[in-house]
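A short write-up of the structure that comes next.
The values are calculated or read from the model by the stated rules, or taken from the named source; none is laboratory data. The structure presented is a predicted model; accordingly, all values stated were derived computationally and were not measured. Note that we place each Cβ from the backbone using ideal geometry, even for glycine, and neighbour counts take in every protein chain shown.
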Amino acid sequence: MNSQALLYIIVLPIAWLVIRCFHATRSRQIVLLLTSYLLYASWGIGFLGLLILSSTANHLLGRLLKARQSVGRLWLGILANLALLGTFKYARELLPLLGRTQLAPTIAHIVLPIGISFWTFQTLSYLLDIYRGEELDPSFTEFLLYMAFWPTVLSGPICRLSSLLLQLRSTENPTLNDAVRGMDRICVGLFMVALGEILANGIHFDQGVDHAFQIFSPNFTGPDVWCLAFGYGFELFFNFAGYSHIVIGAARLFGFELAENFKAPYISTTPSEFWTRWHMSLSFWIRDYLFLPLAMFNRSKLWRNCTLVISMLIFGLWHKGTPLLAIWGIYHGILLVLHRQWQELKRRLGWDFSGPIPNLISWFITITSICLGWIFFQSNALTQAFDMLRSVIKVSSYSMITLPHSLYFLVLVLVLGYLGTLKLGNLVTGRLNSFSIPTEVRFALYSTAIYVGVFHSAQTQAFAYFKF
Amino acid sequence: MKHIVHILRGILCALIFVLVLELCARTDDVLSYGAPFWGPYNNEILLKTDNLGKWGKPGARYEKWQLNSLGYRGPELQPGTVRIVCFGASETFGLYEAPDEEYPRQLERELNKLAGKPEFQVVNAAFPGETLPTAILRVPEVVSQIHPSYALIYPSPATYIEITPRSVSPARAPRPESLDDRILGLRISERVGNLLKSALPKAVQTRLRQFQIERDTTHVRVMQTLAEANVERFREDLGALVKSLRAHGVEPVLVTHATIFGSALTPEDRDLLIEWRKFYPILEEGGFIDMERRMNQAIRETAACEKLYLIDAANEIPPGPNNFADMVHFTTSGAEIMAADLAVGLKPVLFPQTYGKNLAPSAGRSPASIGCRSSARLGVSNR
């Protein structure tokens, strides 16, 4: 736990109690805004200044756009936001190209403001929604709060103003039921983050997925690479989905219902389905504001496929402007194109592959190709990624394993355990809904989750998406 | 009545919450470290107290710290090896390094790599809070158990800030455990305390330490620099330890004391000095740097006077947070540099045929010039 986490633990219960004392919407909004600013300032007072500046400018741009919906005004807003994002997020990537120019030392000192990718995309969706004629009329306070809302400002989910505005204007105070539901989600999130932590660090010291990626050598065998690909895929899932649970739960404590960000992505049977279940707030953003408008330009199949690849390339670059992330995006774009072509082929030839066996095969192909893609996402260099892929396709490298057995065991148990839990969950969900957990048992579960998430992982815990 | 039921239920829930946390902490200890589920589990279980003071409990284990059957940190003694015993305090015992990465372990690996076979064993006879007077008293026992050929002495100067009468073995009497430390023996209380401490912003932590120092020094005279008598006492004790080891047929090698602080103090260094002073409030922050310099000079002079090999770790180990986890304790990479440094320094002692014994006096410093009570030729490592 770091000082920010401690601040959150201290400030949020106070804010919760204060908000319950206010009945006027505006007062509650101001308390929420001040809380959000206080918490965000703990990451850097300069970051807060930038957020306020961006929020103010975008609110103004939104008003201008609302007054006259012109393409020029929209582009002004888009370019201004992309310039801001580009300066803080991508300028450093250009350092190797700048060499010893006068600009280089200045750029080297640029620090990435936490959450800038998330709140800039929120701004863009606001401007685009106004341009599309959506009835959005946030007050200045509401817009500031939309941008700085403390549960989402650091790592999403990327919200749309249309879904948040009504809740911001709600006159109802958070209830005890909200608190219980929120705590439930936070506990699930803490468990998941702890599982991700175990995968990252291993059962024994320095025998986890992260360390293996750090020390990767070309001697790693095919099974090793598969183990790392699946291990990292699930580590990232547990970490980010766990974080999203915590955020959604924390917002629920205050009576806000945020959209889901993950929906059991690893049970997807096609790449397209995967992207409706993984980091949903970003993938839907890309679909609605990038893919669909681009696809409208031209109805040809070739253009549609190109649009898919371009959209996924931008999806990858949203994370970081590196060649590895660009390749990761293109790889997923190609997977989506291949899936689309396969569907067309099936339709044309009248093939029907339904039933459990084809579904199982489809699921297996999907999960393996998705996990293979994580190699690009997590590798330290292009050479490492290609060395890993070489090991995967080299048949002779499947004769032995070099990673610790404990890591294989861990990955196997967590992957199978997770998939088994999902299956079991489906079986008992109906019965659980009618079963109310006694308060005492609930407290015991909270206690366990807090221990696992806060105390056990206290030394090393970090949320993967904070760096984006 | 309904209110009373609600209150009782609330208390029950709070109790369940704490009990489950405690249950988790104990289960975690069992799974992570093989700790006992019942009974106390803290760093005190590593130590026993006898008539000479605190000493390692044979076979004890606490978290990453494992003692062997003789009560020393590290593996069991291997027959047929040349043994080097390390005397020191927590810096030598190892606090922050990964398991088996404290400098004595790394030194053993370095030496055996040089030898090309498992010829040497480095025994870690240090304990947190160990002082030179205690070490002197322990020499006969250590020698009879380990039969070392060489002894590395890495003394901790700070233990001489609060000088105790010579008859008392530990420099600082053990503080009785209080309810503040471990509330009702709950393991979770210690974890909560540590978590809160680590989560507090640096500036707040420093301010709290300053408050504590101010409180502790209300009725105490604070020293700007360490009194010369303390340095003299350190010099005497070091000399006595050297003599005692030699009397038992063990050749001592002295090592100067390294710290995180470089020649120019950074704002972080000033915070660290306040952190250090919290343990020894009677010495002002600036006095610590001066103390290190003078104590290290005393070590160098003792080495010169007693014709001992000296390894000047204070000058060899780069300062800064990469090598030090706090003021004086090594990180794993710091311990690695220390071990490499010691191995180089020990080469002429352990491999005289290969590296030769260079006993040339150091330039411009003769035993007489540095005031040895019984001067003879100088011994400096050939590095």
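Looking at B:Glu76, B:Glu97, B:Glu91, which one is of a type outside the set (A, V, I, L, M, F, W, C), within 30 Å of B:Phe279 (Cα to Cα) and part of a loop (DSSP other than H, G, I, E, B)?
B:Glu97
Just to be sure, is B:Ser90 of a type outside the set (Asp, Glu), more than 23 Å from B:Tyr154 (Cβ to Cβ), touching a Pro at 6+ places or on another chain (Cβ under 8 Å) and more than 14 Å from chain A (Cβ to nearest Cβ)?
Working: of a type outside the set (Asp, Glu): yes; more than 23 Å from B:Tyr154 (Cβ to Cβ): no; touching a Pro at 6+ places or on another chain (Cβ under 8 Å): yes; more than 14 Å from chain A (Cβ to nearest Cβ): yes.
In short, no.
Filter segment A:1-37 down to the residues that are within 14 Å of another protein chain (Cβ to nearest Cβ) and part of a helix (DSSP H, G or I) and list them by number. Quick ask: steps written out before the conclusion?
First, pick out the residues of segment A:1-37 that are within 14 Å of another protein chain (Cβ to nearest Cβ): A:1-11.
A:Ser3, A:Gln4, A:Ala5, A:Leu6, A:Leu7, A:Tyr8, A:Ile9, A:Ile10, A:Val11, listed by residue number.
Could you please give the count of residues in segment B:315-353 that are free of Cβ contacts under 8 Å to residues at least 60 places away in the same chain and in a loop (DSSP other than H, G, I, E, B)?
Of the residues in that region, 3 qualify.
For the structure I just gave you, tell me whether A:Thr460 is within 23 Å of the chain's Cα centre (by Cα), within 14 Å of another protein chain (Cβ to nearest Cβ), at pLDDT below 90 and surrounded by fewer than 16 Cβ atoms within 10 Å (Cβ to Cβ).
Details: within 23 Å of the chain's Cα centre (by Cα): yes; within 14 Å of another protein chain (Cβ to nearest Cβ): yes; at pLDDT below 90: yes; surrounded by fewer than 16 Cβ atoms within 10 Å (Cβ to Cβ): yes.
Here the answer is yes, as A:Thr460 does meet what is asked.
Which residues, taken from segment A:214-224, are within 28 Å of the chain's Cα centre (by Cα) and crowded, with 19+ Cβ neighbours inside 10 Å?
If the condition is that a residue be within 28 Å of the chain's Cα centre (by Cα) and crowded, with 19+ Cβ neighbours inside 10 Å, then A:Phe216, A:Asp224 are the ones that fit.
Being buried (at least 16 other Cβ atoms within 10 Å of the Cβ), of a type in the set (A, V, I, L, M, F, W, C) and within 18 Å of B:Pro104 (Cα to Cα) narrows it down to one residue among B:Ala335, B:Ala304, B:Ala298; which is it? Full working, then the answer.
Numbers: B:Ala304 fails: within 18 Å of B:Pro104 (Cα to Cα); B:Ala298 fails: within 18 Å of B:Pro104 (Cα to Cα).
Unique residue meeting the criteria: B:Ala335.
Tell me yes or no: at least one residue of segment A:64-82 is away from chain B (no Cβ under 14 Å), of a type in the set (A, V, I, L, M, F, W, C), farther than 24 Å from B:Leu196 by Cα and touching a Gly at 6+ places or on another chain (Cβ under 7 Å).
Initially, segment A:64-82 is screened for residues away from chain B (no Cβ under 14 Å), giving A:64-82.
Next cut, of a type in the set (A, V, I, L, M, F, W, C) only: A:64-65, A:67, A:71, A:74-76, A:78-80, A:82.
When the remaining residues are screened for being farther than 24 Å from B:Leu196 by Cα, the result is A:64-65, A:67, A:71, A:74-76, A:78-80, A:82.
Checking the rest, the ones that are also touching a Gly at 6+ places or on another chain (Cβ under 7 Å) come to A:65.
For segment A:64-82, residues away from chain B (no Cβ under 14 Å), of a type in the set (A, V, I, L, M, F, W, C), farther than 24 Å from B:Leu196 by Cα and touching a Gly at 6+ places or on another chain (Cβ under 7 Å): present.
Would you please name the residue that is nearest to B:Leu132 (Cα to Cα), looking only at residues in segment B:30-48 that are loosely packed, with under 14 Cβ neighbours inside 10 Å and modelled with pLDDT under 85?
If we take residues in segment B:30-48 being loosely packed, with under 14 Cβ neighbours inside 10 Å and modelled with pLDDT under 85, then B:Asn43 is nearest to B:Leu132 (Cα to Cα).
If you check A:Pro174, A:Pro151, A:Pro105, which single one turns out to be modelled with pLDDT under 95 and within 24 Å of A:His279 (Cα to Cα)? So that I can check it myself, show each step before the final result.
Working: A:Pro174 fails: within 24 Å of A:His279 (Cα to Cα); A:Pro105 fails: within 24 Å of A:His279 (Cα to Cα).
Selected residue: A:Pro151, the only one of A:Pro174, A:Pro151, A:Pro105 that is modelled with pLDDT under 95 and within 24 Å of A:His279 (Cα to Cα).
Within segment B:269-301, which residues are within 30 Å of B:Phe211 (Cβ to Cβ) and in contact with a Pro (Cβ under 8 Å, 6 or more places away or on another chain)?
First, the residues of segment B:269-301 that are within 30 Å of B:Phe211 (Cβ to Cβ): B:269-295.
Correct list: B:Met291, B:Glu292, B:Met295.
How about segment A:177-201: which of its residues are surrounded by fewer than 22 Cβ atoms within 10 Å (Cβ to Cβ) and not aliphatic (A, V, I, L, M)?
A:Asn177, A:Asp178, A:Arg181, A:Asp184, A:Arg185, A:Phe191, A:Asn201
Consider segment A:423-457. How many of its residues are buried (at least 16 other Cβ atoms within 10 Å of the Cβ) and either at pLDDT below 85 or among the small types (Gly, Ala, Ser) (or both)?
First pass over segment A:423-457, keeping only residues buried (at least 16 other Cβ atoms within 10 Å of the Cβ): A:442-457.
In the following step, the residues that additionally are either at pLDDT below 85 or among the small types (Gly, Ala, Ser) (or both) were identified as A:444, A:447, A:449, A:453-457.
Total meeting the criteria: 8.
Does any residue of segment A:400-417 turn out to be at pLDDT 90 or above, closer than 30 Å to A:Thr322 by Cβ and surrounded by fewer than 14 Cβ atoms within 10 Å (Cβ to Cβ)?
yes
Looking at the structure I just gave you, is B:Ala199 over 17 Å from B:Ser156 (Cβ atoms), exposed (fewer than 14 other Cβ atoms within 10 Å of the Cβ) and within 14 Å of chain A (Cβ to nearest Cβ)? Give the derivation first.
On the way: over 17 Å from B:Ser156 (Cβ atoms): yes; exposed (fewer than 14 other Cβ atoms within 10 Å of the Cβ): no; within 14 Å of chain A (Cβ to nearest Cβ): yes.
For B:Ala199, the condition - over 17 Å from B:Ser156 (Cβ atoms), exposed (fewer than 14 other Cβ atoms within 10 Å of the Cβ) and within 14 Å of chain A (Cβ to nearest Cβ) - is not met.
Kindly indicate the residue of segment B:206-228 that is part of a helix (DSSP H, G or I) and free of Cβ contacts under 8 Å to residues at least 24 places away in the same chain and also farthest from the other protein chains (Cβ to nearest Cβ) among those meeting that condition.
Here is the first cut: in segment B:206-228, the ones part of a helix (DSSP H, G or I) are B:206-216, B:228.
Narrowing the set further to residues that are free of Cβ contacts under 8 Å to residues at least 24 places away in the same chain leaves B:207-208, B:211, B:214-215, B:228.
Numbers: B:Arg207: 13, B:Leu208: 13, B:Phe211: 18, B:Glu214: 23, B:Arg215: 24, B:Glu228: 42 Å.
So, considering only residues that are part of a helix (DSSP H, G or I) and free of Cβ contacts under 8 Å to residues at least 24 places away in the same chain, the one farthest from the other protein chains (Cβ to nearest Cβ) is B:Glu228.
Please name all residue pairs, on different chains or six or more residues apart, with Cβ atoms under 9 Å, provided the first residue is in segment A:346-360 and is at pLDDT 85 or above and the second residue is in a helix (DSSP H, G or I).
Going by the 9 Å Cβ cut-off, the qualifying pairs are A:Trp351/A:Leu345.
Go through segment B:23-53 and give me each residue that's out of contact with any Phe, Trp or Tyr (no Cβ under 9 Å at 6 or more places or on another chain) and within 25 Å of A:Asn201 (Cα to Cα).
Selection gives B:Leu31, B:Ser32, B:Gly34, B:Pro36, B:Phe37.
Residue check: is A:Leu166 surrounded by 23 or more Cβ atoms within 10 Å (Cβ to Cβ) and at pLDDT below 95? Spell out the reasoning first.
Numbers: surrounded by 23 or more Cβ atoms within 10 Å (Cβ to Cβ): no; at pLDDT below 95: yes.
No, not satisfied.
Could you list all residues from segment B:229-274 that are in a loop (DSSP other than H, G, I, E, B), free of Cβ contacts under 8 Å to residues at least 12 places away in the same chain and aliphatic (A, V, I, L, M)?
Answer for segment B:229-274, where residues must be in a loop (DSSP other than H, G, I, E, B), free of Cβ contacts under 8 Å to residues at least 12 places away in the same chain and aliphatic (A, V, I, L, M): just B:Ala264.
Residues in segment B:57-64: is at least one away from every other protein chain (no Cβ under 14 Å), within 23 Å of B:Glu130 (Cβ to Cβ) and buried (at least 20 other Cβ atoms within 10 Å of the Cβ)? Let's see the steps before the verdict.
As a first pass, look at segment B:57-64 and keep what is away from every other protein chain (no Cβ under 14 Å): B:57-62.
With within 23 Å of B:Glu130 (Cβ to Cβ) added as a condition, the list becomes B:57-62.
Checking which are buried (at least 20 other Cβ atoms within 10 Å of the Cβ) leaves us with none.
Taking every residue of segment B:57-64 in turn, none turns out to be away from every other protein chain (no Cβ under 14 Å), within 23 Å of B:Glu130 (Cβ to Cβ) and buried (at least 20 other Cβ atoms within 10 Å of the Cβ).
Would you pick out the residues in segment A:41-89 that are within 25 Å of A:Gln4 (Cβ to Cβ) and among the β-branched types (Val, Ile, Thr)?
As a first pass, look at segment A:41-89 and keep what is within 25 Å of A:Gln4 (Cβ to Cβ): A:41-56, A:84-85, A:87-89.
The answer is A:Ile45, A:Ile52, A:Thr56, A:Thr87.
What's the number of the condition B:Thr27 fails, among (1) touching a Ser or Thr at 6+ places or on another chain (Cβ under 8 Å); (2) surrounded by 13 or more Cβ atoms within 10 Å (Cβ to Cβ); (3) within 14 Å of another protein chain (Cβ to nearest Cβ)?
It fails just one condition, (1).
What tally of residues in segment A:243-287 results from selecting those that are over 29 Å from A:Pro356 (Cβ atoms) and part of a helix (DSSP H, G or I)?
Result for segment A:243-287: 17.
Out of segment B:170-196, which residues are away from chain A (no Cβ under 14 Å) and either surrounded by fewer than 12 Cβ atoms within 10 Å (Cβ to Cβ) or at pLDDT 80 or above (or both)? Spell out the reasoning first.
Our first condition is that a residue be away from chain A (no Cβ under 14 Å); within segment B:170-196, this holds for B:170-185.
Hits for segment B:170-196 are B:Ala173, B:Arg175, B:Pro176, B:Ser178, B:Leu179, B:Asp180, B:Leu184.
Which members of segment B:28-39 meet the condition of being part of a helix (DSSP H, G or I) and farther than 17 Å from B:Val192 by Cβ?
Of segment B:28-39, the ones part of a helix (DSSP H, G or I) are B:28-33.
Residues satisfying the conditions are B:Val30, B:Leu31, B:Ser32, B:Tyr33.
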